[in-house]
Amino acid sequence: MELRDYLKHKTLLFDGAMGTYFQSVFEDEVGKCEFANCTAPERVAEVHRAYLSCGARAIKTNTFAANTHALDCGFDKVREVIVRGWKIAVREAEPYRAFVFADIGPIADANGEYEQIVDIFLDLGAKYFLFETLSDDSELYGLTAYIKARCPDAFIIASFAISPDGFTRTGLPIRPLLQRVTECPLIDAAGFNCISGPSHLLAQVKNNADLFGISREPVEPILCSIMPNAGYPTIVDGRTYFETRPDYFAARMAEILSTGVKIIGGCCGTTPEHIRLTAEILPEAELQPVEAVVRSTPVPRNVQNRIANKLRRGKRIIAVELDPPIDAHLDQFMAGARTLQAVGVDAITVADCPVARACVDSSMLAAKLHRELGIDPIPHMTCRDRNINATKALLLGLSAEGVHNVLTVTGDPIPSAERDEVKGVFSFNSAVLAGYIRSLGEQGITAPFRVYGALNVNAPNFAAELQKAKRKEEQGVVGFLTQPIFTTRAFENLMQAHEELKGDLLGGVIPVVSHRNALFMSNEIAGIEISQSVIDRYEGLNREEAEELAIELSVQLAKKMVPYTSGWYFITPFQRVSLITRILQKLQQEML
């Protein structure tokens, strides 16, 4: 029977996990199970037969990680893995008249490799495709158009890996992502697999049930596909185990079927026994009525944001950056913050482990500043040091502490000498992080944050920097703190940003405190460019003379940027808070 006709009358039950089950049965196998298509084909066939004999009527080819990046091999080897995997699956499926799906997982830096993989499958006769464990839809639409152009009858499932709270591993909220997918007439089914167990995916089905019923005339409404993990893993002696019982899994799958889901199966940790017990509930479950699901609309919280309110009144903002301490002694830091608060500073910004060296956590310092001084902090939040779970945990804490402003940055790279011991995460970039933070506020999970971004006015290709800033604004960034401005070119870039960006600009000012300091910043600090004329003015000056020049130049620059900014962003050099206060006092006198 053709798949679309089958789905009009029956639920399509997929197999479970190839990778985790293969590893549990064949403990002597090491490395990616996809290589077993070539080295141990009978073992791969045995796994397929186990699932088919337990009731699966669709199986996935053993090709989830069949790409050059995941297998760390050349494409000729990838081709062999795919061809052999396809032939094994087709041979084992034939006696059961089961459907065979070309299984394609996410590829880092694909660079056209998706199309090459699809071509192999199409040449082999594949017409059913499963793109699973996706974290975004960036490659999806062009790829589905490519498949349908070559094979108009192809059936394509797009399945996203989401956390229990409804975000992909790159921080994208699932609802707008799923809405785009369900509106694409080239995609036949969409849903979720991996990361989450059946209960959490049941909740996601209910939350997004309205999207699967949308009219796509003259195309059939999109079908829902759900393939949960067996549960949540534990690690014992270096091996991963899923302890959820198969009968529990099957009971939850029955609930998922009662919502109208037509395509089900299992992901990590599911075994043939999970599929056997799930198959047993199919006839009865298909007769159950579909429950009416009403999706509640999240209500964003209403909070007062003093920085936002001041900007709305047309007042200028003064933000000052204080470096977090490298040890747990906070007296000097807090004393500096009190001094700055006394001279009218609106916000203290706190860097997040600058130059990739461990310091007191910026979010914890921000909470302390707000709790003890009542000042508005703007903690920097990088994508370098934490995954999406850790990021969300910090955001929940900041919201609970009343901190409602953050600055998202990608983060300085880790020095080469330390990369064997210190690993960067970089699960997302600063634009995606901004969108994730915005979505938490929109769903009422946190109070709404005002998200700021960094703008490098010293960038050699400022047109590209400006386009990046516009993408950040699309993700919810409301303003930018610029890199320090010293050159005519940087100032011209600031003026251009003022013309083209919608958000507030806080112009960056960092006092140069010596000739040596000027040379160091110009040559060794990324994103800072100091003109030779400024460097020359510091030559031969003692500390007091250099500070007087720093005050003079900083005030001149701050006044010059007033028409093009909504405020200033002063960076404190070497914890010299007294220097910043002298600059602010002189600036306030001259601005009267």
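The values are calculated or read from the model by the stated rules, or taken from the named source; none is laboratory data. A quick note: this is a predicted structure, and the numbers were derived from the prediction, not measured. Positions of Cβ are generated from backbone atoms using ideal geometry, with glycine treated the same way; all protein chains shown enter the neighbour counts. For the accessible areas, the whole protein counts, side chains as well, though only heavy atoms, and no ligand, DNA or RNA atoms are used. Shrake-Rupley method; radii C 1.70, N 1.55, O 1.52, S 1.80 Å.
Count of segment 123-169 residues, restricted to those that are polar (S, T, N, Q) and on the phi > 0 side of the Ramachandran plot, is 1. Test ASP323 against the stated conditions and say whether it is among the charged types (D, E, K, R) and out of contact with any Cys (no Cβ under 9 Å at 6 or more places or on another chain). It is false that ASP323 is among the charged types (D, E, K, R) and out of contact with any Cys (no Cβ under 9 Å at 6 or more places or on another chain). In segment 75-155, counting only helices (runs of 4 or more DSSP H) that sit wholly within it, the ones holding 2 or more residues that are open to solvent by 50 Å² or more (accessible area, probe 1.4 Å) and of a type in the set (Lys, Arg) span 75-93. I need every pair where a residue in segment 467-483 that is closer than 13 Å to ILE378 by Cα and open to solvent by less than 10 Å² (accessible area, probe 1.4 Å) has its Cβ under 6 Å from the Cβ of a residue that is of a type in the set (Asp, Glu) and modelled with pLDDT of 95 or more, sequence separation at least 6 or different chains. Close Cβ pairs (under 6 Å, with a partner that is of a type in the set (Asp, Glu) and modelled with pLDDT of 95 or more) amount to GLY479/ASP504. Take the residues in segment 543-561 that are touching a Phe, Trp or Tyr at 6+ places or on another chain (Cβ under 9 Å), closer than 13 Å to MET591 by Cβ and of a type in the set (A, V, I, L, M, F, W, C); name whichever of them is surrounded by the most Cβ atoms within 10 Å (Cβ to Cβ). Top of the filtered list is ALA558. Taken together, the residues in segment 521-535 that are surrounded by 15 or more Cβ atoms within 10 Å (Cβ to Cβ) and either part of a helix (DSSP H, G or I) or at positive phi (or both) amount to 5. If only residues of segment 346-372 that are β-branched (Val, Ile, Thr) and open to solvent by 10 Å² or more (accessible area, probe 1.4 Å) are counted, the one that is farthest from the chain's Cα centre (by Cα) is VAL360. Taken as a whole, the structure leaves ILE162 outside the set of residues that are open to solvent by less than 10 Å² (accessible area, probe 1.4 Å), touching a Ser or Thr at 6+ places or on another chain (Cβ under 9 Å), touching a residue at least 40 places away in the same chain (Cβ under 8 Å) and over 30 Å from TYR232 (Cα atoms). Here MET334 fulfils each of the conditions (1) in contact with a helix residue (DSSP H, G or I) (Cβ under 8 Å, 6 or more places away or on another chain); (2) open to solvent by 60 Å² or more (accessible area, probe 1.4 Å); (3) farther than 21 Å from LEU481 by Cβ apart from (2). Here ILE571, ILE510, ILE583 are screened, and the one residue that is farther than 24 Å from VAL478 by Cβ, in contact with a strand residue (DSSP E or B) (Cβ under 8 Å, 6 or more places away or on another chain) and surrounded by 18 or more Cβ atoms within 10 Å (Cβ to Cβ) is ILE583.
With respect to GLY453, determine if the residue is within 20 Å of the chain's Cα centre (by Cα), of a type outside the set (S, T, N, Q) and within 17 Å of TRP568 (Cα to Cα). Considered against the rule, which asks whether it is within 20 Å of the chain's Cα centre (by Cα), of a type outside the set (S, T, N, Q) and within 17 Å of TRP568 (Cα to Cα), GLY453 comes out as yes. Take the conditions (1) open to solvent by less than 20 Å² (accessible area, probe 1.4 Å); (2) under 20 Å from LYS262 (Cα atoms); GLU183 misses just one of them, which is (1).
If I filter segment 373-394 down to residues being open to solvent by 10 Å² or more (accessible area, probe 1.4 Å) and assigned to a loop (DSSP other than H, G, I, E, B), which single residue comes out as modelled with the highest pLDDT? Step by step, filter segment 373-394, then rank; the result is GLY374. For segment 4-15, the criterion of being over 14 Å from PHE101 (Cβ atoms), over 30 Å from the mean Cα position of the chain (by Cα) and buried (at least 16 other Cβ atoms within 10 Å of the Cβ) is met by at least one residue. Residue check: is PHE64 outside any helix (DSSP H, G or I), open to solvent by 10 Å² or more (accessible area, probe 1.4 Å) and within 22 Å of ASP188 (Cα to Cα)? Yes; evaluated as a whole, the condition is true for this residue. Between ALA518, ALA497, the distinction of being under 11 Å from ILE535 (Cβ atoms), part of a helix (DSSP H, G or I) and either open to solvent by 70 Å² or more (accessible area, probe 1.4 Å) or touching a residue at least 12 places away in the same chain (Cβ under 8 Å) (or both) belongs to ALA518 only.
Restricting attention to segment 19-48, the residues that are of a type in the set (A, V, I, L, M, F, W, C), closer than 17 Å to CYS268 by Cβ and touching a residue at least 24 places away in the same chain (Cβ under 8 Å) total 3. Based on this model, can you work out whether TYR51 counts as in contact (Cβ under 8 Å) with a residue 12 or more places away in the chain, of a type in the set (Ser, Thr, Tyr), crowded, with 21+ Cβ neighbours inside 10 Å and touching an Asp or Glu at 6+ places or on another chain (Cβ under 8 Å)? Criteria met by TYR51.
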